[in-house]
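Data block below; observations after.
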Amino acid sequence: MTEPFRIAPEFLAEHNRARAKDLAADYEHLGRQLARRGLDVERITAAVQRFCVAIPSWGVGTGGTRFARFAGPGEPRDVFEKIADCGTIQQLCRATPAVSLHIPWDEPEDPAALRAAAAREGLGFDAMNSNTFQDQPGQRLSYKFGSLTHTDAAVRQQAIEHNRHVIEVGRRLGSRSITVWIADGANFPGQQNHRDALSRYLESLRAIYAALPADWTMYLEHKLYEPAFYATVNNDWGTSFWCASQLGAQCRCLVDLGHHAPNTNIEMVVARLVQFGKLGGFHFNDSKYGDDDLDSGAIHPFQLFLVFHELVDAQARDPSFAPAYMLDQSHNVTDPIESLIGSAGEVQRAFAQALLVDRRALAELQLQNDALLAHRALKAAFQTDVSPILAMARVRNGGAIDPIAAYRQSGYRAHKAVERPAAEQRGSGIV
Ligand SMILES: [Mn+2]
């Protein structure tokens, strides 16, 4: 068998050489503009160079809707091919050095071999994800009516054991966290006792929490609705916060941007969780109507910026503040690699823009109740085109000045279409 295609370093170097002069000019111009505002472009670029967002393993496959899935050419057929695609994303954008796995979709026969394959791509493992929202072949008990909150203790125990297994797999891969999201809930008023279901949830979480290694974090991911359409057990940030508080210091809340009611002020949810010491991390995506899992920044870039405004503020107050950032998207009409490269860039963009906020001036304007100028202080940061900073950060980290153009010109997807003839795909979903 011939070696799988990889983008050659020489190809990348040539791509950057052809664009270096224009980038230098744009970067210098932006640097002068920022200097007039009292900002050091080099400090911003250095911070962007250190910024990372994890890639979900399921994101490199084409997603789907509840109506259909239209497979793309050269999709990864197993976890090793997913790692290869994640390695290519990291090679080009240099902001995505970790992969988040989903068990059992990515169940490794040999965790050590998988860990070594990831290391060869320059990748580590971010949060592990358990799956008790679907039944697996040969599974003894069904999750049709719930998992960690099921009325039958035997089903709950099976779901607890699965989560413990995921922790064990993650431990062998070098991961340091697990994200628990459950689909449990009700489709009809009267179907479940809301209080008892939440009590069972907490009891099950305690059993998982007890198996956490000392240096691990458990993230609770709330979601308003879907697949349960009347009530979800962990339905909002308040419920998630209460559960995380009950469990202890190693449990924190994860905010998936799509898991809220339309028009929810998500940046305020973020501010509250930060203030209460329980913000654990993010699943970035974007949406128009529900949990649409569109590409980050595609619909509401200002909201993404406002979220990062809170995060940068939190970091300014506490330098040890370091939530886990991950993309969680479903790519139905694009090449998933291009969407993930683009989305990593949009998240970086929001972070870089938030670094431009003149926080001292903003605080003063807030004290003076100058609503208009306070708002304009945020807008000045949001409306700055930081693209040259993002490109410079990428190239200094060894990536591509224009990663999507480089990816297209490399012919990576066409090579994979030949190397990876279509196969039955086991799992590609979105959580
Ligand atoms: Mn999610």
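The values are calculated or read from the model by the stated rules, or taken from the named source; none is laboratory data. Just so you know, these numbers come straight off a predicted model, no measurement behind them. In this analysis, Cβ positions are derived from the backbone assuming ideal geometry, glycine residues included, and neighbour counts consider all displayed protein chains.
With respect to ILE337, is the statement that it is assigned to a helix (DSSP H, G or I), more than 16 Å from the ligand (Cβ to nearest atom), farther than 25 Å from THR217 by Cβ and of a type in the set (Val, Ile, Thr) true? Considered against the rule, which asks whether it is assigned to a helix (DSSP H, G or I), more than 16 Å from the ligand (Cβ to nearest atom), farther than 25 Å from THR217 by Cβ and of a type in the set (Val, Ile, Thr), ILE337 comes out as yes. Among the residues of region 365-384, some residue qualifies, meaning at least one is crowded, with 22+ Cβ neighbours inside 10 Å, touching a residue at least 40 places away in the same chain (Cβ under 8 Å) and closer than 25 Å to ALA314 by Cα.
Scanning region 373-386 for residues that are under 23 Å from the mean Cα position of the chain (by Cα), modelled with pLDDT of 95 or more and outside any helix (DSSP H, G or I) turns up at least one hit.
Out of curiosity, is ALA244 more than 15 Å from the ligand (Cβ to nearest atom), closer than 23 Å to GLN192 by Cβ, touching a Gly at 6+ places or on another chain (Cβ under 6 Å) and not β-branched (Val, Ile, Thr)? So ALA244 does not fit the description; no. Counting only helices (runs of 4 or more DSSP H) that sit completely within region 39-125, those holding 2 or more residues that are modelled with pLDDT of 95 or more and under 29 Å from GLN136 (Cα atoms) correspond to 79-93, 111-120.
Being touching a Pro at 6+ places or on another chain (Cβ under 6 Å), within 16 Å of the ligand (Cβ to nearest atom), under 26 Å from LEU294 (Cα atoms) and not hydroxyl-bearing (Ser, Thr, Tyr) holds for only one residue in ALA183, ALA228, and it is ALA183.
For GLY290, the conditions (1) within 16 Å of the ligand (Cβ to nearest atom); (2) within 14 Å of GLY59 (Cβ to Cβ); (3) assigned to a loop (DSSP other than H, G, I, E, B) are fulfilled apart from (2). Of the residues that make up region 257-279, is at least one among the aliphatic types (A, V, I, L, M) and within 12 Å of the ligand (Cβ to nearest atom)? Within region 257-279, one or more residues are among the aliphatic types (A, V, I, L, M) and within 12 Å of the ligand (Cβ to nearest atom).
Per the conditions (1) within 29 Å of GLN275 (Cα to Cα); (2) assigned to a helix (DSSP H, G or I), the sole criterion not satisfied by TYR407 is (1).
A quick yes/no check of all residues on (1) hydroxyl-bearing (Ser, Thr, Tyr); (2) buried (at least 16 other Cβ atoms within 10 Å of the Cβ); (3) more than 16 Å from the ligand (Cβ to nearest atom):
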{"residue": "ARG200", "(1), (2), (3)": "no, yes, yes"}
{"residue": "ALA214", "(1), (2), (3)": "no, no, yes"}
{"residue": "ASN234", "(1), (2), (3)": "no, yes, no"}
{"residue": "GLY238", "(1), (2), (3)": "no, no, yes"}
{"residue": "CYS251", "(1), (2), (3)": "no, yes, yes"}
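Within region 281-302, can one find any residue that is touching a residue at least 40 places away in the same chain (Cβ under 8 Å), surrounded by 19 or more Cβ atoms within 10 Å (Cβ to Cβ) and aliphatic (A, V, I, L, M)? Looking for residues that are touching a residue at least 40 places away in the same chain (Cβ under 8 Å), surrounded by 19 or more Cβ atoms within 10 Å (Cβ to Cβ) and aliphatic (A, V, I, L, M), one finds none in region 281-302, hence no. Starting from residues that are crowded, with 18+ Cβ neighbours inside 10 Å and outside any helix (DSSP H, G or I), keep the ones in region 311-328 and report whichever is nearest to the ligand (Cβ to nearest atom). Selected residue: ASP328.
Screening ALA159 against (1) assigned to a strand (DSSP E or B); (2) more than 22 Å from the chain's Cα centre (by Cα) leaves a single unmet condition, (1).
Of all residues in region 161-177, one or more are within 16 Å of the ligand (Cβ to nearest atom), crowded, with 22+ Cβ neighbours inside 10 Å, touching a residue at least 60 places away in the same chain (Cβ under 8 Å) and closer than 26 Å to VAL270 by Cβ. Could you check PHE308 against (1) surrounded by fewer than 22 Cβ atoms within 10 Å (Cβ to Cβ); (2) in a helix (DSSP H, G or I) and say which number it fails? Result: PHE308 passes all but (1).
Inspect all residues belonging to region 334-357 and state whether any of them is surrounded by fewer than 24 Cβ atoms within 10 Å (Cβ to Cβ), free of Cβ contacts under 8 Å to residues at least 12 places away in the same chain and not charged (D, E, K, R). For region 334-357, residues surrounded by fewer than 24 Cβ atoms within 10 Å (Cβ to Cβ), free of Cβ contacts under 8 Å to residues at least 12 places away in the same chain and not charged (D, E, K, R): absent.
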